[in-house]
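Before any comments, here is the structure.
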Amino acid sequence: MPARPSSHRTVVIAALMLAWLAATAWARPLMLPDEGRYVGVAWEMVRSGDWLTPTLNGLPFFHKPPLFYWITAGAMSLFGLNEWAARAAPILGAWLGAFSLYVFARRWRGDQVARLTLLALLVQPLFYIGGQFANLDMLVAGCISATIVLLAHAALSVERGLPFRRALASAYAMAALGVLAKGLIGAVIPALVVGAWLLVMRRWRVLRSLLWWPGVVIFLVLAAPWFVAMQARFADFLDYFFVVQHFKRFAAGGFNNVQPFWFYPAALIVLSLPWLPWLRQTLARGYLSDPERGPIRLLMGLWVVIVVLFFSMPKSKLLGYILPAVPPLAFLMADGFMSIAKPSQRMRRLWWASVSVTTALSIGAVVGFAVHPLRSSRGLALVLGAQRGPSEPVFMLNHYYYDVPFYARIRAPVMVVDDWTSPDIGKRDNWRKEFADAAQFAVAGSASALINPASLSAAVCQSPVSWVIGVSTAGDHYPVLTRARVVFTQRDTTLWRIDTAVPDIASSLGCAGRPNVGSPGT
């Protein structure tokens, strides 16, 4: 490829990147709970027509901002309800992060480093699988990566007296999208990375040039309206979204997935094992002192370190949180190889061995999850969707099966049966707490969506046919299931059908005298 690839060639590369990232996104069912939860919220936007307020089973759901839901709902509206459309947002996030890094590396480090960086990044198992996992982590990682390289490009342009306002305006816009993707980290992490980079290099004038009031206006115009609209609708929204879901979740305990401080460094080392020979080159003496290449290398190193430190501070840790550190790590892998003055034939073979091993791991993981899916209700939901009438109510016992409404094409909230008066609900960070929090924003709606076990028989009697989903042993605790017919069982989960239109079943359930008209909440 020439030193300055043509626009046509750049378009081809961008298209090939997108094709690679999306190639196997259809191959496995949604994984519970995360993929089912977030895709389910997007499906509710499609079915309700309300694209402003995210809802979970019809109740306002404010754990995260709306960009993921908007992209996913748009993809499902265009391409239908399928796994590929459900994963459109992480695919776009991965593409954005990879393409922005490629363009940046090509401009400031040359085409060969850019191509090797892109190759190293696209085959990383964490990046490839993250780009096909339907939660918010890859989308915000792509926004963060694009914001950092746009700010860095603007800073380098300022130093050289080149035009930089367009890149700077784009950086502020991308930071706003990052905030809409997952909250404040979409702006905080780029500010920390680029700010630390300029401070270490003592580029005070450049740092002041990046603090641009028209950029702040761009940021607010894009990011603020949704937050203002939600606060206007729900009085406690800002306190819940920022204080509870941001600051308390970052600083306090009581949330899931508690891991030690060293979890992320260890995870990155393990996942980077095939690339350690090239990362080792970045520790060589003089690696950062090169006047032309040193600033870019310093940026990438600080990018990795700051992201890892930032997410290592909270006790709650998930592997996807560290995705913003993978693009700069891929650059260091490629640059480490390129820093070898005259790589031998053995070195070249070792590089391609690194590429081959990680490619095999990435594809192998997707195939493994497709053949042996983990935590999915797709089979049961497809049976329910095929046999259920459009007005027949669905009950879920002591659990919410996030992916069932998506796969069964249920167009209204189901009724979730549990002890919603228990004082223990708010003590654990799980699906019950999600619904309890959501019910605070819609007390009237929660009355029909969240019911107690004592109300189940009366609710079932309101419709000639009802469907119940629960663990296979639920009949030991719910007498109403004694007259239910088992329709399908998947692992330890069973789908029952209750026909209260049959007189002896209605009588045994105490439905006599209760009209079977309609169904609450459906």
Margin query: Any residue that is open to solvent by less than 60 Å² (accessible area, probe 1.4 Å), within 30 Å of LYS248 (Cα to Cα) and aliphatic (A, V, I, L, M) - is there at least one of those in the range 352-362?
Written below: no
Note to self: For the range 380-390, which positions are in a helix (DSSP H, G or I), open to solvent by 30 Å² or more (accessible area, probe 1.4 Å) and touching a residue at least 60 places away in the same chain (Cβ under 8 Å)?
What the structure shows: VAL383, GLN387
Next item on the list: Determine whether the range 435-451 contains at least one residue that is open to solvent by less than 60 Å² (accessible area, probe 1.4 Å), in a strand (DSSP E or B) and not polar (S, T, N, Q).
Entry: yes
Check: Which of (1) more than 19 Å from SER354 (Cα to Cα); (2) in contact with a Ser or Thr (Cβ under 7 Å, 6 or more places away or on another chain) is the odd one out, the single condition VAL305 does not satisfy?
Finding: (2)
Margin query: Which condition from (1) touching a helix residue (DSSP H, G or I) at 6+ places or on another chain (Cβ under 7 Å); (2) surrounded by fewer than 14 Cβ atoms within 10 Å (Cβ to Cβ); (3) under 30 Å from VAL158 (Cβ atoms) is the one that PHE261 breaks?
Written below: (3)
Item checked: All positions within the range 289-326 that are farther than 15 Å from LEU268 by Cα and outside any helix (DSSP H, G or I) -> SER289, ASP290, PRO291, GLU292, ARG293, MET313, PRO314, LYS315, SER316
Note to self: Tell me the residue from ALA454, ALA474 that is under 27 Å from PRO423 (Cβ atoms), of a type outside the set (Ser, Thr, Tyr), at pLDDT 90 or above and surrounded by fewer than 17 Cβ atoms within 10 Å (Cβ to Cβ), please.
What the structure shows: ALA454
Notebook entry, point to check: Can you tell me which of PRO90, PRO65 is in contact with a Phe, Trp or Tyr (Cβ under 7 Å, 6 or more places away or on another chain), surrounded by 18 or more Cβ atoms within 10 Å (Cβ to Cβ) and outside any helix (DSSP H, G or I)?
Noted result: PRO65
Next item on the list: Quick one: ARG432 ticks every box in (1) surrounded by fewer than 21 Cβ atoms within 10 Å (Cβ to Cβ); (2) without any contact (Cβ under 8 Å) to a residue 40 or more places away in the chain; (3) in contact with a helix residue (DSSP H, G or I) (Cβ under 6 Å, 6 or more places away or on another chain); (4) charged (D, E, K, R) except a single one, so which number is it?
Entry: (1)
Notebook entry, point to check: Can you find a residue in the range 283-294 that is open to solvent by 10 Å² or more (accessible area, probe 1.4 Å), out of contact with any helix residue (DSSP H, G or I) (no Cβ under 8 Å at 6 or more places or on another chain) and in contact (Cβ under 8 Å) with a residue 40 or more places away in the chain?
Noted result: yes
Margin query: For the condition of a type in the set (Gly, Ala, Ser) and assigned to a loop (DSSP other than H, G, I, E, B), what is the one hit in ALA412, ALA353?
Written below: ALA412
Notebook entry, point to check: For LEU192, which of the numbered conditions (1) of a type outside the set (Ser, Thr, Tyr); (2) more than 30 Å from GLY294 (Cα to Cα); (3) part of a helix (DSSP H, G or I); (4) open to solvent by 30 Å² or more (accessible area, probe 1.4 Å) fails to hold?
Noted result: (2)
Margin query: When the residues of the range 391-409 are narrowed to those that are part of a loop (DSSP other than H, G, I, E, B) and hydroxyl-bearing (Ser, Thr, Tyr), which ends up surrounded by the fewest Cβ atoms within 10 Å (Cβ to Cβ)?
Written below: SER391
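The values are calculated or read from the model by the stated rules, or taken from the named source; none is laboratory data. Because the structure is predicted, anything quoted here is derived from the model rather than measured. Using ideal geometry, Cβ is built from the backbone for each residue, glycine included, and neighbour counts are taken over all protein chains shown. Heads up: the accessible areas ignore ligands, DNA and RNA and are worked out on the full protein's heavy atoms, side chains in. Shrake-Rupley method; radii C 1.70, N 1.55, O 1.52, S 1.80 Å.
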